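The values are calculated or read from the model by the stated rules, or taken from the named source; none is laboratory data. Just so it is clear, the model here is predicted, and its values are computed rather than measured. Cβ: placed from backbone, ideal geometry, glycine included. Neighbour counts: every protein chain shown. The area values use the complete protein model at the heavy-atom level, side chains included, leaving out ligands, DNA and RNA. Shrake-Rupley method; radii C 1.70, N 1.55, O 1.52, S 1.80 Å.
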Amino acid sequence: MHLRVEVDLAALSALMPMLLRLDAQGRITAMGPTLARVLGTAKTFAEAFPPEGPPEGRDIASILAARRLRLRAADGTVLRGLAIPDGAGGALLDLSFGLGVVEAVRRYALTDADFAATELTVELLYLVEAKTAVTDELRRLNARIEGARLRAETEAQSDALTGIGNRRALMAALDGLIAGGRRFGLIHVDLDHFKAVNDTLGHAAGDHVLAQAAQVLAAETRAGDTVARIGGDEFVLVLPSVPDAARLQSVADRLALRMAEPIAYGGAQCRVAASLGLALFDRQAGVSAESLLAAADAALYAAKRAGRGRAVLAQNDAAGPTVP
C-alpha cells in the first residue's frame with residue numbers, strides 16, 4: 001500500500017532548505033533558501049552545476065539513475081545529495097554540504113536558521129566550534145607557558161644589575177664551544193680603581209659604573225659573542241669571532257682604552273681602568289672551561305702586576321693556555 005502526502009513547496013523548503021526541484025527539461029522550478037545562497041540566480045541544472053567533462057549523462061533520467069549525487073556548483077562548492085522522481089517527469093534533489101559544511105558556514109555566513117531543525121549539522125558545528133575554541137585556548141596557554149619558560153631561562157642566565165649574561169650563561173657558552181671543538185678567544189676583565197669609586201661616591205655610583213662598563217663591553221662584541229659579569233667588578237668575554245692571538249690582543253687593547261674613559265655620575269667623573277687576561281682555545285685536548293678560565297685569570301693578575309690598565313695573553317702549548 002502506498003501513502004500519498006501532499007506538501008506544498010514552501011513547507012517542503014522549510015523541511016529541506018537544500019531542496020532543488022527540476023522539471024523534465026532540467027529547469028529549476030524550486031530551490032530551498034539555503035541552497036539559493038550557493039546557486040544564486042541559476043535557472044537550469046546545467047547552469048547551477050557546469051559540466052566538468054562531456055555533457056552526456058546530465059539529463060533527468062541520468063540524474064535519477066545515479067540517485068546518489070556528487071555535484072560541484074559554479075563557485076566550486078561541492079554538494080552531495082539524493083535524487084528521486086517528483087511524479088511529474090522531473091526530479092527532487094535533497095542536497096547537503098557533506099564534510100565541507102564548516103567551510104560552507106564560513107563562506108556563506110550560514111547560521112542554524114539555514115539548516116533543517118532536525119539536522120545534526122548544527123550540533124556537529126557546535127562541536128567543531130567547541131573543539132576550535134579549546135584548541136585555540138590550548139595554543140594560547142602553550143604559548144604563555146613557552147614564553148614564561150623562555151623568560152625564566154633568560155632571567156636565570158642574566159645578571160640582574162647589568163642585564164648581560166651571568167656565570168651560568170658563561171659556562172654554557174664555554175662548554176658548548178669546547179665540545180664543538182671550535183677555536184675562540186676569551187678575555188677576563190677586572191676594573192681597576194673600582195673600590196675607590198664605591199668608597200668616595202657610594203655604591204649607587206659603583207652600580208652605575210658597572211652598568212656603563214657592561215654597555216661598553218657589549219658594544220665592542222658581535223652577535224654570537226658572550227659577555228658575562230661573573231661577580232663584583234669582573235667580566236668575561238667569549239669571542240668565537242676572534243680565533244687568533246693578534247686579533248684578540250687588538251680587541252683587548254681597544255677595550256682597555258674604552259674602559260679608561262671617565263664615566264659621569266651626579267656631576268662627578270668616575271675614573272676606572274681595566275686589566276685584562278686573554279686566553280685562546282685552539283682545540284687542545286683535555287682543556288676544560290675551568291682550566292681556560294684559570295689561565296685567563298692568571299693572565300689578568302699578570303697584567304695587574306705589570307702596572308694595570310693593560311692586557312696580557314696566556315701562551316698556548318700542548319697542555320693548553322699558560323701564563324708566561
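Odds and ends about this structure:
- All positions within the stretch 83-96 that are assigned to a strand (DSSP E or B) and open to solvent by 60 Å² or more (accessible area, probe 1.4 Å): ILE84, PRO85, ASP94
- Residues of the stretch 97-115 that turn out to be of a type in the set (Val, Ile, Thr), touching a residue at least 12 places away in the same chain (Cβ under 8 Å) and open to solvent by 30 Å² or more (accessible area, probe 1.4 Å), as a count: 2
- Residues of the stretch 79-104 satisfying the condition of being within 26 Å of THR132 (Cβ to Cβ) and touching a strand residue (DSSP E or B) at 6+ places or on another chain (Cβ under 6 Å): LEU79, ARG80, LEU95, SER96, GLY98, GLY100
- When restricted to residues that are open to solvent by 60 Å² or more (accessible area, probe 1.4 Å) and either modelled with pLDDT of 95 or more or not hydroxyl-bearing (Ser, Thr, Tyr) (or both), the stretch 263-277 contains 5.
- The stretch 216-225, residues that are over 13 Å from VAL189 (Cα atoms) and either touching a residue at least 40 places away in the same chain (Cβ under 8 Å) or of a type in the set (Gly, Ala, Ser) (or both): ALA219, ALA223, GLY224
- Contact map, the stretch 235-256: residues that are buried (at least 20 other Cβ atoms within 10 Å of the Cβ) paired with residues that are assigned to a helix (DSSP H, G or I), Cβ distance under 6 Å, separation 6+ or inter-chain. Pairs shown: PHE235/LEU217; VAL236/LEU170; VAL238/ALA173; VAL242/LEU248; VAL242/VAL251.
- Extreme residue, most open to solvent (accessible area, probe 1.4 Å), among residues of the stretch 23-39 that are of a type in the set (D, E, K, R) and over 22 Å from VAL78 (Cβ atoms): ARG27
- Given (1) hydroxyl-bearing (Ser, Thr, Tyr); (2) modelled with pLDDT under 85; (3) part of a loop (DSSP other than H, G, I, E, B), index of the condition THR132 fails: (3)
- A count restricted to the stretch 281-296 and to residues that are in contact with a helix residue (DSSP H, G or I) (Cβ under 8 Å, 6 or more places away or on another chain) and open to solvent by less than 20 Å² (accessible area, probe 1.4 Å) stands at 4.
- Residue check for ALA205: closer than 21 Å to GLN269 by Cβ and either at pLDDT 95 or above or in contact with a strand residue (DSSP E or B) (Cβ under 6 Å, 6 or more places away or on another chain) (or both): yes
- For the stretch 67-78, a residue qualifies if it is surrounded by 13 or more Cβ atoms within 10 Å (Cβ to Cβ) and in contact with a strand residue (DSSP E or B) (Cβ under 8 Å, 6 or more places away or on another chain), and the qualifying residues are LEU69, LEU71, ARG72, ALA73, VAL78.
- Residue check for GLN212: of a type in the set (S, T, N, Q) and over 30 Å from ALA179 (Cβ atoms): yes
- Selection status of ARG151, over 24 Å from ALA256 (Cα atoms), free of Cβ contacts under 8 Å to residues at least 60 places away in the same chain, open to solvent by 40 Å² or more (accessible area, probe 1.4 Å) and under 17 Å from the mean Cα position of the chain (by Cα): yes
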